[in-house]
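The structure appears below as structure tokens.
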Amino acid sequence: MDQVEITAYNASEPEQKGTAQIRRFKPSEITKNVAKTLSLYWSIALFTVLIPGLHFILTPSFFGLGIYLSLKKQKTKLQILSGSVPCPKCKEPVLLKKADFSEGHKVICQNCVTTIKIIF
Ligand SMILES: [Zn+2]
């Protein structure tokens, strides 16, 4: 677990600095995450074969969703564990919840409903 400085910004306001606890995935963990995601969605896809009628839509959807989400997992090298940064617009602290972190991570300020981009 690492403590890092993060920068929050949106289009019109000056950026704000905050801190976050992050976890870096090892290459083996990334592979495991990809396999877990793929097997979950493909299991659901297999299960939906049993639903008459709907399987024409559901089975290919979950099959495709599995591929899409596991490719996304493959790009996820970091995970935010927790953190806090002042909102660039209203200066209220925005708490970061545990989430996968990829380039251009976005959070929404609960106070002023502004979308904030988080970068390191
Ligand atoms: Zn705000």
| Is it true that some residue in the range 64-83 is within 16 Å of the ligand (Cβ to nearest atom) and surrounded by 14 or more Cβ atoms within 10 Å (Cβ to Cβ)? | yes
| task | Hey, can you tell me all the residues within the range 84-120 that are within 14 Å of the ligand (Cβ to nearest atom) and either within 19 Å of Asn33 (Cα to Cα) or of a type in the set (Val, Ile, Thr) (or both)? | result | Val85, Val94, Val107, Ile108, Val113, Thr114, Thr115, Ile116, Ile118
| request: Please state which one of Lys97, Lys17, Lys77 is modelled with pLDDT of 95 or more, under 19 Å from Asp2 (Cα atoms), in contact with a strand residue (DSSP E or B) (Cβ under 9 Å, 6 or more places away or on another chain) and charged (D, E, K, R). | output: Lys17
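The values are calculated or read from the model by the stated rules, or taken from the named source; none is laboratory data. Everything numeric in this text was worked out from a predicted model, so none of it was measured. Glycine gets a Cβ as well: all are built from the backbone with ideal geometry, and neighbour counts include every protein chain shown.
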